[in-house]
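The structure under discussion appears below in the form of structure tokens.
The values are calculated or read from the model by the stated rules, or taken from the named source; none is laboratory data. As the structure is a prediction and not an experimental result, all values here were calculated from the model. No Cβ is skipped: glycine too gets one built from the backbone with ideal geometry, and neighbour counts run over all protein chains shown.
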Amino acid sequence: MNKKLLCLLLALVMLLSLAACGGGNAPPADPAQTPAGDTQTPPEGDGDAAPAEVTDYREMTRDDDEIYEMVFGDFYDAYMTAKDCQDLSQRYALMGIAEAKMLESAIMMPKQSYGGGYAMTRIAPYTNSPCLWGYDEYHYETIVAVEEIISAEDYAAMQALYGELSGTGTYLESVKAWLTEHGYTIKDTYNNSARFADDPKTWDILATSQTGDSEFICKTICGLLQYDVEGLPQPALAESWEVSEDGLTYTFHIRQGVKWVDSQGRELGEVTADDFVAGMQHMMDAQGGLQVLVQGTIAGAEAYIAQETDDFSTVGVKALDEYTLEYTLEQKTPYFLTMLNYGCFYPMNRAYYESQGGKFGAQYDNSAADYNYGKTPNNIAYCGPYLITNFTSKNSINYKMNPTFWNPDSVNIPNLNFIYDDGTDTLRPYNDFMAGTIDLTGLNPSALEQAKVDSAVDKDGNPVTATNDEGEEVPVSVFDYYHFQSRTDSTCFMGFFNVNRQAYALNTDATKVVSSQTEEDAARTHAAMLNQHFRMALLTGMDRGTFNAQRNGEELKFSNLLNSYTPGDFVKLEEDVTVDINGTPTTFPAGTNYGVIVQAQIDADGFPAKVYDPEGAGGAGASSGYDGWYNVEYAKSELAKAVEELAAMGLEITAENPIQIDYPYAGNAEVWLNCAQVIKKCWEEMSGGLIQVNLITCVDQPEWYACGYDPKTGAEMNYDFADMAGWGPDYGDPCSYLDTLLPNGDGFMAKNFGLYWA
């Protein structure tokens, strides 16, 4: 779904790298997403179903709708009010109120974003698109790479150069000249291991919503628009476009002469408007997660996706002629253009797809014997900057520049190499970087320690020294000479509480990742997880800083720590807005950050959480960089309330018979064990033994993914708590995040709570 159902482990293999080279998130990967309409039917319920109303905890329901109402009812009501609002600023404010209600439900634990840690690089800063939505940040063709490690001093100088030239469109050429003048050797290859920790599951970008697939495929294709290194939209396959006066019709004029080629570079035809029609129909037929993004946005999409009609001509995407494409929207969507470099709007060569056994509509069958589309990199058509020249499972993915690419002057990196890294060796990224095998790396605690010991050499190979307080020349460490702190972005990795757990082993193999809980244990945990006070105790009783320190080091434990789902600076009010905060009309002036409204509602509701700091980010305001939830005393008081309410249902919680929480973790690297032990220690100590955390070891990353990243349904989620996924925005509106929490299979993230999705 979004760019972006992002896998946490994938991200943390090199937590910093993309941000370090100017990239954005995931992120959302990934990167992940959501319907932009308001066609959902609210789940049935009385709107106030509390666990205490049940007289026997063993009778707690497992009905998805009833549980959704119990947990998300307040959020859903507030969200639908916001979604119905047509005034943009008013809607942003109402979305902020809805987000507050979601955070107060304690259904998720905000964790961290990309970036924020120490890094070293051979990539010039700000030479990759920083766009928060879509896939442009994963294209990499504009990256400027050098043979030598860039010193911290020179990196800062280039950052300053970017600041000077911002808005002129001249930075990329200027930074190349700057590097050459300062003795660096520009190269034509970019090597990266950071995001290749498992094989892509498909090479069909229109049939997947997971960043682990799409970030590798998107380099092979282009969308209507693209975002430059300043994050500004530019024409791509659309040379120009118009928007109707009512905002419901978008007409794009397709660039002529753009070629489709196969993996060998052999021409297959020209990109036409019909390719975008074919791509959207295939995306809706495949239903790999992307379809939820256009539900309620593109006219007729809802009915076609729900198979209420098999007539795709009723869907609002039309080829008016060979090079004119028209979208008709269900309702005015101010952020529509920000959606277009996301995968569901990508083109697909109709003839090539059919040559690979592909069919449309009711005839679509990806299990057919002759269906080969997307099975390998050799079974897709290319129109983007790169061709995939080699894919070796759990080894490497290699790319070369597409010789027919429509914009060859934009390609600074003709060759891309991704190297498999399962994360077992925590020093491998550092060692590979120092050896020149990869071009950037984040510094995890082990690497940080090593970098502070190793002596630096400059780009000419000479030892770097400095004069100490005694006047002696002493070696300068690799860390001191080369490190910088990477930027954070808007990808939000969350911890998820499973409120409807039904799987106690892997759905793919019942002998693996098996829970030790008895049937009675499971019933007790289920009842406890449905209690808002219990979840709040877990949320506020978790020392997220110490958890983060296991990956980033003690110095940077708060650097990328998040306190909300939608970043507080994601959007600003465009005009003054007055909204109701618990019966009090409250006015927020134009320019107010989204997070200010979220915090106002949380304060009014009496929760001691700080989800937005108006003084953060140097006074610009931020919802990251500090821990606004950790409060042990409040956690204990919430747990006491939960114990009392659960006791009224016959559930006695004692140190002799605690609530058991299963937490699976990737056991192939010590850092994941360290993180898991922090969680166990926090919750068991906070609860005084009333909670027992069972750390369940997954032997490798694929097994860990199978617990809660790969499953397609809530019923397959094998955990009580997990932190293996995140979300980055698909477009520039808070609903890009919040839509993921909608019921009835419309919100992709709902599956992480054990609910819905098929």
Qualifying strands (runs of 3 or more DSSP E) (wholly inside the stretch 233-278; at least 1 residues being in contact with a helix residue (DSSP H, G or I) (Cβ under 9 Å, 6 or more places away or on another chain) and of a type in the set (F, W, Y)): 238-243, 249-254, 259-261
Single residue of the stretch 706-731 satisfying the filter (within 14 Å of the chain's Cα centre (by Cα) and not aliphatic (A, V, I, L, M)) that is surrounded by the most Cβ atoms within 10 Å (Cβ to Cβ): D730
Among (1) more than 31 Å from the chain's Cα centre (by Cα); (2) of a type outside the set (D, E, K, R); (3) crowded, with 17+ Cβ neighbours inside 10 Å, the one test that N631 misses: (1)
Residue within the stretch 676-692 that is crowded, with 24+ Cβ neighbours inside 10 Å and within 16 Å of A503 (Cα to Cα) present: no
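Counting residues that are hydroxyl-bearing (S, T, Y) and surrounded by fewer than 24 Cβ atoms within 10 Å (Cβ to Cβ), which helices (runs of 4 or more DSSP H) fully inside the stretch 140-218 reach at least 2?
Details: elements: 152-165, 171-181, 211-217.
The qualifying helices (runs of 4 or more DSSP H) are 152-165, 171-181.
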When residues of the stretch 349-378 are limited to those that are crowded, with 16+ Cβ neighbours inside 10 Å and in contact with a Ser or Thr (Cβ under 8 Å, 6 or more places away or on another chain), the one farthest from F418 (Cα to Cα): G374
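Looking at C682, is it more than 20 Å from M536 (Cβ to Cβ) and in the same structural domain as F496 (by TED's automatic domain parsing)? Don't jump to the end; show me each part of the working.
On the way: more than 20 Å from M536 (Cβ to Cβ): no; in the same structural domain as F496 (by TED's automatic domain parsing): yes.
Against the criterion (more than 20 Å from M536 (Cβ to Cβ) and in the same structural domain as F496 (by TED's automatic domain parsing)), C682 does not qualify.
If we keep just the residues of the stretch 64-92 that are surrounded by 13 or more Cβ atoms within 10 Å (Cβ to Cβ) and farther than 22 Å from N582 by Cβ, which is modelled with the lowest pLDDT?
Here is the first cut: in the stretch 64-92, the ones surrounded by 13 or more Cβ atoms within 10 Å (Cβ to Cβ) are 64-83, 85, 88-92.
Remaining after also requiring farther than 22 Å from N582 by Cβ: 64-68, 88.
Working: D64: 93, D65: 93, E66: 93, I67: 95, Y68: 95, L88: 88.
Selected residue: L88.
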Extreme residue, surrounded by the fewest Cβ atoms within 10 Å (Cβ to Cβ), among residues of the stretch 393-409 that are of a type in the set (S, T, N, Q) and modelled with pLDDT of 95 or more: N407
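Name the one entry in L337, L325 that is under 30 Å from the mean Cα position of the chain (by Cα) and either under 14 Å from M280 (Cβ atoms) or outside any helix (DSSP H, G or I) (or both). Talk me through it step by step, then tell me what you get.
Numbers: L337 fails: either under 14 Å from M280 (Cβ atoms) or outside any helix (DSSP H, G or I) (or both).
After ruling out the rest, the residue left standing is L325.
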Residue satisfying condition, being among the small types (G, A, S), under 21 Å from I380 (Cα atoms) and either in contact with a Lys or Arg (Cβ under 6 Å, 6 or more places away or on another chain) or exposed (fewer than 14 other Cβ atoms within 10 Å of the Cβ) (or both), within set G247, G257, G279: G257
Residue within the stretch 156-167 that is under 22 Å from the mean Cα position of the chain (by Cα), over 30 Å from P743 (Cβ atoms) and aromatic (F, W, Y) present: no
Flag for T404 being out of contact with any helix residue (DSSP H, G or I) (no Cβ under 7 Å at 6 or more places or on another chain) and more than 30 Å from E267 (Cα to Cα): no
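Given the structure, is T546 assigned to a helix (DSSP H, G or I), over 22 Å from T491 (Cβ atoms) and in the same structural domain as Y737 (by TED's automatic domain parsing)? First the steps, then the outcome.
Values: assigned to a helix (DSSP H, G or I): yes; over 22 Å from T491 (Cβ atoms): no; in the same structural domain as Y737 (by TED's automatic domain parsing): yes.
Taking the combined requirement at face value, the residue does not satisfy it.
Considering each of G545, G553, G495 in turn, give the residue that is on the phi > 0 side of the Ramachandran plot and either out of contact with any strand residue (DSSP E or B) (no Cβ under 6 Å at 6 or more places or on another chain) or not hydroxyl-bearing (S, T, Y) (or both). Walk me through how you get there before you give the answer.
Numbers: G545 fails: on the phi > 0 side of the Ramachandran plot; G495 fails: on the phi > 0 side of the Ramachandran plot.
Selected residue: G553, the only one of G545, G553, G495 that is on the phi > 0 side of the Ramachandran plot and either out of contact with any strand residue (DSSP E or B) (no Cβ under 6 Å at 6 or more places or on another chain) or not hydroxyl-bearing (S, T, Y) (or both).
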Subset of the stretch 220-238 (residues that are more than 25 Å from I397 (Cβ to Cβ) and aliphatic (A, V, I, L, M)): L224, L225, L232, A238
Evaluation of Q90 against (1) out of contact with any strand residue (DSSP E or B) (no Cβ under 8 Å at 6 or more places or on another chain); (2) closer than 15 Å to T592 by Cβ (one fails), failing number: (1)
Only listed residue being in a loop (DSSP other than H, G, I, E, B) and polar (S, T, N, Q), chosen from T587, T508: T508
Evaluation of E59 against (1) modelled with pLDDT under 95; (2) over 22 Å from the mean Cα position of the chain (by Cα); (3) within 27 Å of A301 (Cα to Cα) (one fails), failing number: (3)
